[in-house]
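Have a look at the structure below before the remarks.
Each reported figure results from applying straightforward, stated rules to the coordinates on display, with no laboratory input. A quick note: this is a predicted structure, and the numbers were derived from the prediction, not measured. Cβ sites come from the backbone with ideal geometry, for glycine too, and all protein chains shown count toward neighbours.
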Amino acid sequence: MISEAQLLQQAKQLKEGALIEVYDRYSPGLYRYAMRLLGDENTAEDCVAETFSRFLKAIKLGNGPDIYLQAYLYRIAHNWITDYFRHNPNHLSLETKSLTNEADDPYSAANKHIEAQKIRSYIKLLTADQRQVIVLKYLEDWTNEQIAQSLGKPLGAIKALQHRGLQTLRRLIQGDEAI
């Protein structure tokens, strides 16, 4: 398998095979990321398509990343999603990993679904940066270093966003339990 640095160099030379490899390597993760944040298959597909379109435009103009291709692509997707929410403020549906087990009884499955809806509603209340860090860290299983590269922020800032986001979620959950 070709390294990310080699793949990026070949993509910047507009080699068809490298561009196909970039898409094949990164589109599944970008789609999962977009789907979790957008909650709609068509919109997630639009996000992925626009992400690669913007990447291609950037490299054709001699711009784009010099390193960290994956982080660059996720930053494009994040910016597209942020713009989407600005233009569609009533649409925010975070998809979480499935919380139900097919062996669960209907009562248990319903309770898990209700809990998942509560968690989604709480995550919606986080800032955009906190929400992105939490989704990448806990739903996409990224390391803090990968998140920092993707967002173009220092590692300390990522840790602070994660900490504040988790504190906010904890307060919201505890406040809900008191009701």
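Summary of computed values
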| read-out | value |
| --- | --- |
| Order of 26, 107, 33, 68 - criterion: other Cβ atoms within 10 Å of each residue's Cβ, fewest first | 107, 68, 26, 33 |
| Partners for residue 112 among lysines (Cα-Cα distance below 22 Å; same-chain residues under 8 apart left out) | 97, 124, 137 |
| Span-rule helices in the chain, defined as complete DSSP H runs reaching 20 Å or more along the axis (Cα) with Kyte mean at least -0.5 | 16-38, 41-60, 69-87, 155-178 |
| Residue order, fewest to most beta carbons within 10 Å, for 86, 32 | 86, 32 |
| Estimated dipole of segment 103-179 in Debye, rounded to 20 [Cβ of Lys and Arg +1, of Asp and Glu -1, Cα centre] | 380 debye |
| Residue exposure sequence - 82, 168 - by fewest surrounding Cβ within 10 Å | 82, 168 |
| Choice from 147, 114, 81 showing the highest fluctuation, given a GNM over the chain with Cα pairs closer than 10 Å | 114 |
